[in-house]
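Asker: Before we start, here is the structure in question, set down as structure tokens.
Where a number appears in this text, it was derived from the coordinates with a stated rule and is not lab data. Small disclaimer: the values here were computed from a predicted structure and weren't measured. A quick note on method: Cβ atoms are made from the backbone with ideal geometry, for glycine too, and the neighbour counts reach across all protein chains shown.
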Amino acid sequence: MDKPQKNNTWLFEISSKSNLLDFKFKEIWQYRDLLMLFVRRDVVTLYKQTVLGPLWYLIQPLLTSVIFTLVFNGIADISTGSVNAFLFNLAGITIWNYFAECLKATSDTFKKNENIFGKVYFPRVIMPLSITVSNLLKLAIQLLIFIAFYVYFSLSGDAGTVSIYILWTPVIILIMGMLGLGFGMIISSMVTKYRDLTFLVQFGIQLFMYISAVMYPIAIVKDKLPSYVSWLVEYNPLAHVIESFRYMVFSGAYMKDPTNDFSSVNILAMLVVAFVIFLFGLIIFNRTERNFIDTV
Amino acid sequence: MEEKEVILRVENLSKQYRLGVIGTGTISHDLNRWWHKIRGKEDPYLRIGERNKRASLGKTDYVWAIKDVNFEVRSGEVLGIIGKNGAGKSTLLKILSKVTMPTTGIIRSKGRIASLLEVGTGFHPELTGKENIFLNGAILGMTKAEIKTKFDEIVEFAGVQRYVNTPVKRYSSGMKVRLAFAVAAHLEPEILVVDEVLAVGDAEFQKKAIGKMQDIAKGEGRTVLFVSHDMDAIQKLTQRTVVLSDGEVLFDGDTEKAIQAYLNQGLDTKPYCEWEDMDTAPGNDFGRLKSAAVRNEKGDLCNRFSVRDDIYVEVSYWDLNTEYNNTAIIHVVNERGQRLFASNEFNAPDWLDFHNKEKGIVTATCKIPRHLLAEGQFNLLIAVGNYNPEIIHAIEDNLLSFEVFDDTTGDGVRGPYAGKWPGIMRPMLAWNIKKEPLDSK
């Protein structure tokens, strides 16, 4: 369309066309205060009118870990070497939980916030971002509990030794956050059109956990399962991230063959994978936010 | 007033919706769309679609909620947007506030747009008033620092000083609305979009809100788009108004005229109406309407009068009443639906001469004198009935309509004054004048 007076001073335009790779980072930065306020809101209101309050942060991973220890190590007899089985499971669950919580909470972003999204504009991605950030607090509390148990078990020599690679922990958390956010954004975009996905998410996450090496070392899978099944674990990025974390804290003391060294390249590769999934999720999310209010 | 620069321009804006359920068929349409797109062809579903008429059944599932809407807003202007339900107001606002995207067309803006579509958006019931002010302000696009500097002002404007540290779930609904409006009114966007907020809150707060909106527009030079069904609020706040009808711009201009255009929608302006068949004409066995007409002095049908013209309303009916004396009744209603006055045939001194309990066709003419009605459009209710006992035999609302204009030639009520003249009536009244010399003491 030709304009009689092509005026370059317009601040912005609203039209149906947009750049696929326009991530609007500048705009997100402008709304950073909102991000922090959402985080604050989530934290403050989560346990209002509950009896145990933030204790729920602790009860859930501890109980899960106890059950896993009974089932997988007690009944199924999975070996965790010189590392206490409970501690071994707690390590996996703590890291896994961060991913699962981020994914679960972000996957219904559009549906849950339909009301507010239908009234006011702000970069929608602020919502899932704030969830990922506020879950960090939960992760921090759970990590503290893990450290407490770690210290306790290391007194009796059941915890292996901490390796220098522990410094990679922030990267591990970043990878888990990006994966949870990326998958969450993809699913939340699809849920606006196909509601069935909500049901899939619930038990999908559960199934996914079993192939993510949360309660067993990856090496065991290779030993015990035929290759047409074990690839599910071997090529699962989450399994590798969790395995790496465990290697970092236990120095591989749970393995039969601890020389199987920690691989920085492996982690960097996971980081790239996570980043790609995150970007992909962001693109889909940005496409959806433009018109979702018409379909939701 | 000097011409300010255009701050917002809406060009050929259209939005298409698909009616019915999203489910089967969605994917096939999506695929078809995608297939056309990769071959570089136009979206096949954009060619179809109809104007958005709610009441009539359409042929396709696709409708244009708004279609080719164009208008401009200048900096500091308060623009009203009115239209019937389903005219496309909400869709337009949603696009303006970036909640949803247009199908085609473009909006260009030189300022930030903040919307106040429905108050209390994003209030969290568990959080206190203070926390919600910050949260809501941030949702609307303010930074924390901005809110901090305005915080006291907001609390004072909302009048909730005592409740600042109480969770919002304990607020009355009125308090919530006031708090929400206060936050939004203290926003600093260049363009503020307001939808129907004034419908809530008590009279005092409404007054405050309207005052604040005027301040925003006049004092602070910000631009306001104001959407409402409340004609009084529209008139108080805006000089210019856009009327939407079935997704298209029906009128864009002076608010006074826009309100007329809005109110006249769907009304036929016709000075004449007749029923040929007595058996099917409106009425009953005691009286049926035959015809009604608006005529000028010469007796010609007319639907446009000067304020200086006498207006003749002629009602003709089959008088079948052999028990009581029938009378023709007219009501004059202005374009805002205000009933100005009613008049009855029985005011004629010779009325009883024609109502001697014999059947016949009565034609009664009422003269509405010059210098009585104001400018505008008027609708007539025509009825036939009898009093004592009170029975209406035939009644037709909005049957006829006519227009009155004032061409300010100097001999009317307003004299040579060409500006707006207040009042819903414009009677020429008698004045009595006295004057005494100054030094009479």
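Asker: Name the most mobile residue of B:379, B:344, B:334, meaning the one with the largest mean-square fluctuation, in a Gaussian network model of chain B with Cα contacts below 10 Å.
Answerer: Maximum fluctuation in the GNM of chain B, among the listed residues, is at B:344.
Asker: Once you have the Kirkwood Rh of segment B:129-177 from its Cα pairs, apply Stokes-Einstein at 10 °C and 1.306 mPa s and quote D in µm²/s. Working shown, then result.
Answerer: On the way: Rh = 11.0 Å.
Calculated translational D: 144 µm²/s.
Asker: Oh, and also: Hey, with R₀ at 22 Å, roughly what FRET efficiency would residue B:417 and residue B:74 work out to, going by the Cβ-Cβ distance, to 0.05? Each step should come with its number before you reach the end.
Answerer: Numbers: r = 28 Å, r/R0 = 1.27.
Efficiency for this residue pair is about 0.20.
Asker: Could I ask something else about it? Starting at 0 and stepping by 5 Å, how many percent of the alpha carbon pairs of segment A:61-185 end up in each bin?
Answerer: 2, 10, 17, 18, 16, 13, 9, 6, 4, 3, 1, 0
Asker: As a quick test, which of the pairs B:84/B:257; B:212/B:236; A:26/A:104; B:236/B:420 have an alpha carbon distance above 19 angstrom in this structure? The partial results should precede the final answer.
Answerer: Values: B:84/B:257 16 Å; B:212/B:236 12 Å; A:26/A:104 27 Å; B:236/B:420 14 Å.
Distance filter (> 19 Å) returns A:26/A:104.
Asker: So which lysines pass the test for residue A:222, namely a Cα distance under 21 Å, with those fewer than 8 places away in the same chain ruled out?
Answerer: A:256
Asker: Once both labels are modelled 7 Å past Cα along the beta-carbon direction, what's the residue B:398-residue A:58 spacing in nm?
Answerer: 7.1
Asker: When Cβ neighbours within 10 Å are restricted to other protein chains, what is their mean count per residue of peptide B:93-103? Working shown, then result.
Answerer: Values: counts 1, 5, 3, 2, 5, 7, 12, 10, 10, 5, 4.
Mean inter-chain Cβ contacts per residue within 10 Å come to 6.
Asker: Averaged across the residues of B:123-131, what count of C-beta atoms belonging to other chains lies within 10 Å of each residue's C-beta?
Answerer: That works out to 3 on average.
Asker: If you don't mind, there's one more thing I want to ask. As a test of understanding, state the convex hull volume per residue of the protein assembly as shown from its alpha carbons, in Å³.
Answerer: Working: hull volume 212.2 nm³, N = 737.
Spelled out: Cα convex hull of the protein assembly as shown, divided by residues, is 288 Å³.
Asker: Related question: Taking the Cβ-Cβ separation of residue A:152 and residue A:210 as r and a Förster radius of 25 Å, what is the calculated FRET efficiency to the nearest 0.05? Intermediate results must be reported in sequence, preceding the final value.
Answerer: Numbers: r = 28 Å, r/R0 = 1.12.
About 0.35, to the nearest 0.05.
Asker: Please build a GNM for chain A, connecting alpha carbons under 10 Å apart, and tell me which residue among A:191, A:276, A:71 fluctuates the most.
Answerer: For chain A, modelled as a Gaussian network with Cα springs under 10 Å, the answer is A:71.
Asker: For residue B:77, list long-range residues whose amide hydrogen, built 1.01 Å from N in the peptide plane, is under 5 Å from its own amide hydrogen.
Answerer: Counting only residues 5 or more places away or on other chains, the set is B:224.
Asker: What is the average number of partner chain Cβ atoms found within 10 Å of a Cβ in A:32-44?
Answerer: Details: counts 3, 11, 11, 1, 3, 11, 5, 0, 4, 8, 1, 0, 5.
Other-chain Cβ atoms within 10 Å of each residue's Cβ, averaged: 5.
Asker: What does the charge count around residue B:239 come to, taking other residues whose C-beta lies under 13 Å from its C-beta (Lys +1, Arg +1, Asp -1, Glu -1)? Mind dumping the intermediate values first?
Answerer: Numbers: positive: B:4, B:74, B:218, B:236, B:240, B:257, B:420; negative: B:77, B:252, B:254, B:256.
So the surrounding residues net to +3.
Asker: Follow-up question, since we're still on this one. So for the pair residue B:126, residue A:36, with labels modelled 7 Å out along Cα→Cβ, what separation do we get in nm?
Answerer: Simple spin-label model gives 2.2 nm for this pair.
Asker: Still on this structure, I have one more. With +1 on the Cβ of every Lys and Arg and -1 on the Cβ of every Asp and Glu, and nothing else charged, how large is the dipole of the protein assembly as shown about its Cα centre, in debye rounded to the nearest 20? Intermediate values should be presented prior to the final figure.
Answerer: Values: 81 positive and 81 negative charges, 483 e Å.
Roughly 2320 debye for the protein assembly as shown.
Asker: Could you check what % of the DSSP bridge pairs in chain B are antiparallel, to the nearest 5? It would help to have the intermediate numbers written out before the result.
Answerer: Values: 68 of 91 bridges.
Percent antiparallel among DSSP bridges in chain B is about 75.
Asker: Looking at segment B:272-405 from every direction and averaging, what is the projected area of its Cα convex hull in nm²?
Answerer: 7.9
Asker: Which value at 222 nm does chain B reach when only helices count, each DSSP H run of 4 or more adding -39,500 (n - 2.57), with the total divided by all residues and rounded to the nearest 500 deg cm²/dmol?
Answerer: Numbers: 9 runs with 92 residues, N = 441.
Only helices count here, giving -6000 deg cm²/dmol.
Asker: Identify the residues of segment A:118-153 with backbone N under 20 Å of a label point that sits 7 angstrom from the Cα of residue A:11 along the Cα-to-Cβ direction, or state none.
Answerer: A:119-124
Asker: Please arrange A:227, B:245, A:264, A:16 by counting, for each residue, the other beta carbons lying within 10 Å of its beta carbon, fewest first. Present the calculation step by step, with values, prior to reporting the outcome.
Answerer: Values: A:227 9, B:245 20, A:264 12, A:16 15.
Ascending Cβ contact count within 10 Å gives the list A:227, A:264, A:16, B:245.
Asker: Consider a paramagnetic label point 7 Å from the Cα of residue B:276 along Cα→Cβ; state which residues of segment B:385-404 have an amide N under 18 Å from it.
Answerer: none
Asker: Helix A:197-210 sits at what angle to the longest principal axis of chain A, using alpha carbons and giving 0 to 90 degrees rounded to 10?
Answerer: Around 30 degrees separate the two axes.
Asker: Which of A:32, A:246, A:124 moves most in a GNM of chain A, Cα contacts under 10 Å?
Answerer: Result for chain A, Cα springs under 10 Å: A:32 fluctuates most.
Asker: Between residue A:28 and residue B:339, take the C-beta separation as r, use R0 = 56 Å, and let me know the FRET efficiency to the nearest 0.05. All intermediate terms of the calculation are to be shown ahead of the outcome.
Answerer: On the way: r = 57 Å, r/R0 = 1.02.
That gives a FRET efficiency of 0.50.
Asker: Can you compute 3J(HN,Hα) from phi for each residue in segment A:280-287, using the Karplus curve 6.51 cos²θ - 1.76 cosθ + 1.60 with θ = phi - 60°, rounded to whole Hz and x for Gly and Pro?
Answerer: 4, x, 5, 4, 4, 4, 5, 5
Asker: Which listed residue (B:329, B:391, A:213) has the Cα farthest towards the positive end of the charge dipole for the protein assembly as shown, taking +1 on Lys and Arg C-beta and -1 on Asp and Glu C-beta about the Cα centre?
Answerer: Positive-end residue among those listed: A:213.
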